[in-house]
Amino acid sequence: MAPLNLNAKKYVISTAFATTLALTPVVGSSVLANAGEGSTEGDITYEESNLPEIQEEQSSSEEAPSATVNSSLIQQGDSGSDVENVQSSLHDHGYSSSNVDGIFGDLTEQDVRDFQSDQGLQEDGIVGPATSDALGTPVESTPSSEESSESESSEDGITIEEVDNSESDESTESNETDNDNVGPQDGGTENVSASNQAIVDAARSALGIPYQFGAYTPGESNPSALDSSGLINYTFDQVGIDVSRTHSEMWANDGVHVDSPSVGDVVFFEGTYDTAGASHSGIYIGNNQMIHASSGSGAMVVADMSVDYWQQHYLGAKSFN
């Protein structure tokens, strides 16, 4: 994409600062330096976002008894036999706040956190390989490609990674056409892989957390505040992926560049405030939408990237998965 006129941006931003200073006599220097980070442009409500549709697709996939998020993570919102096994093991170990009903809710998550604390594990409320091993309940593995190609379902249930070919021919042709273009405007609804679904779930869990510049502590499972790059760090920490601390470092060092974003990828922007290179990013959730940290709204929210502001500042997308 054509380089942005950073000098012009500095002039516009400095004008906005002058207005802010006129209306607010005392403003901290750190706030001024990041006043443009996470603009409220395009911020939308949860109900207006693509998240309910993603959740509906996930719930439909989980109607089979053994459907879970993926072969390595079981977390809040999941259901099925894997969750039931976890709950049974928790009961066997003396953690019995929840019922053995195959539904991973608040009580099950708290039991997992209590168990992790007693076992010296990371207290994130997510049953990954280490927690599963400690519980003695290894998560069911994904069927082999040969097994999954024979039928959409098996005795073990349906995996989220499987695609119903009878319904996807038209959408596949459409996606192939879309991929010829570049930019955030290309993304729409799509079949979400289990690992990318886990990324979206982690980002969704941060919605409503207050915005605070510089806020993020690695490994913190319940942050009281996050900044824009802190949201990305928090999200990928929840799924066991290490990323760099700043937007510019993530853009330079982490993941792989993609022509157009898929659900669970990271979308980057430049010139959102007076700094060189990547200055903001968010978790892409399809339909030209992202979960990001909005300093203007003061929280983690969903934004519509099709508005002029985000289109003009769009830098590119990367997959960290």
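Take Asp124, Asp304, Asp101 and order them by how many other Cβ atoms sit within 10 Å, fewest up front.
On the way: Asp124 22, Asp304 18, Asp101 12.
Arranged by neighbour count, lowest to highest, Asp124, Asp304, Asp101 become Asp101, Asp304, Asp124.
Using a 10 Å cut-off around each Cβ, can you sort Tyr46, Tyr234, Tyr314 from fewest to most neighbouring Cβ atoms?
Fewest-to-most ranking of Tyr46, Tyr234, Tyr314: Tyr46, Tyr314, Tyr234.
Can you give the net charge of the other residues whose Cβ lies under 11 Å from the Cβ of Asp237, counting K and R as +1 and D and E as -1?
On the way: positive: none; negative: Asp124, Glu220, Asp242.
Here the charged neighbours net out to -3.
What nm distance separates the two modelled labels at Glu249 and Glu57, each placed 7 Å from Cα along Cα→Cβ?
Taking the two extended label points, one gets 3.3 nm.
Using just the C-alpha positions of region 69-135 as equal point scatterers, what log10 of I(q)/I(0) does the Debye formula give at each q in 0.11, 0.12, 0.18 1/Å?
One equal scatterer on each Cα of region 69-135 leads to -0.19, -0.22, -0.52.
If each of Ile44 and Glu220 carries a label point 7 Å out from its Cα toward its Cβ, how far apart are those two points in nm?
3.0
Between Ser297 and Asp242, what length in nm is gained on full extension when 0.36 nm per residue of separation is reduced by their alpha carbon distance?
Working: separation 55, 0.36 × 55 = 19.80 nm, distance 2.74 nm.
Fully extending the segment from Ser297 to Asp242 adds 17.1 nm.
For region 84-93, take each phi angle, set θ = phi - 60°, evaluate the Karplus expression 6.51 cos²θ - 1.76 cosθ + 1.60, and give the result in whole Hz per residue in order, putting x for glycine and proline.
So the J values, rounded to whole Hz, are 4, 4, 4, 4, 4, 5, 4, 4, 4, 8.
As an exercise, use a Förster radius of 25 Å and the Cβ-Cβ distance of Gln212 and Ser96 to find the FRET efficiency, rounded to the nearest 0.05. Could you put the intermediate results ahead of the total?
Numbers: r = 37 Å, r/R0 = 1.49.
For R0 = 25 Å, the calculated efficiency reads 0.10.
What ³J(HN,Hα) values, in whole Hz, does the Karplus curve 6.51 cos²θ - 1.76 cosθ + 1.60 give for region 196-206 when θ = phi - 60°, with x put for Gly and Pro?
6, 4, 5, 5, 4, 4, 5, 5, 4, 5, 8
Starting with the fewest neighbours, write out Arg204, Arg245 ranked by other beta-carbon atoms found within 10 Å of each beta-carbon.
Details: Arg204 20, Arg245 13.
Exposure proxy ranking, most exposed first: Arg245, Arg204.
Give me the three principal axis extents of region 201-292 from the C-alpha atoms, as integers in angstrom, largest value leading.
33, 28, 22 Å, listed from the longest principal axis down.
Computed from the coordinates by the stated procedures, all read-outs in this text should not be read as laboratory data. All figures in this text were calculated on a predicted structure; none of them were measured in a lab. Quick reminder, even Gly has a Cβ in these numbers, built from the backbone with ideal geometry, and neighbours come from all protein chains shown.
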